[in-house]
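The values are calculated or read from the model by the stated rules, or taken from the named source; none is laboratory data. Note that the coordinates shown come from a computational prediction; the quantities given were computed from them, not determined experimentally. Here the Cβ positions follow ideal geometry from the backbone for every residue, glycine too, while neighbour counts run over all protein chains shown. These area figures cover heavy atoms from the full protein model, side chains too; ligands, DNA and RNA do not enter into them. Shrake-Rupley method; radii C 1.70, N 1.55, O 1.52, S 1.80 Å.
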Amino acid sequence: EDKDGHVVNMIVNHHPSKYGGSSASEARRNAAMKTLRHICDSLIRMGQDRIIAMGDFNDTPDARQFGLVEEILINKADSLYAAGKGTIRYQGKWELIDMFLVTHNLNHSTRMEIEQIPFLMTYEKGYPGMKPLRTYTGPRYTAGVSDHCPIVLLLE
């Protein structure tokens, strides 16, 4: 519930990866986004208009499938993406694929942050710079937590 006693519906997402190629896997990510849209439509029909969708969308905020939910949900990662921020680092380049989407009535009272916590990061030799310390690299245990930086949604 929010400070006024209204229920806030939270939907956790982990959309299909781009394994096998972005275009080959796009249909699966579109299907996941259509499912998210269907869930949001159902909640809104039931009078539940405070929705936060979060997670690994396996695509950046400029991907076409976000258009399927843009009239209902605002992507809180847009400004971070425009500033070149990211949650994963692939071949030395930051990509933002983890994000929060909120309904319009939550937009002005929320802000997304990406956390780069030092003990969760490691130096990448092949592409100089820091990256998240993953749990495994292939079959080798590397004692990390994730290859994604944590994201936080601040609520007023």
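Worth a mention:
- When a 1.4 Å probe is rolled over the protein heavy atoms, the share of accessible surface on the chain that falls to carbon and sulfur comes to 54 percent.
- Cβ-derived FRET efficiency at R0 25 Å, E113 paired with S17, nearest 0.05: 0.55
- For the stretch 1-115: rounded, prolate or oblate by the Cα gyration tensor [a/c cutoff 1.5]: oblate
- Cα-based radius of gyration for the stretch 77-156, normalised by 2.2 N^0.38 Å, reads 1.23.
- S42 paired with M121, simple spin-label distance in nm, labels 7 Å along Cα-to-beta-carbon: 4.1 nm
- Accessible area (Å², per residue) of the chain, counting only protein heavy atoms and a probe of 1.4 Å: 59 Å²
- Less than 5 angstrom separates the built amide H of G144 from those of T135, all sequence-distant by 5 or more or on a different chain.
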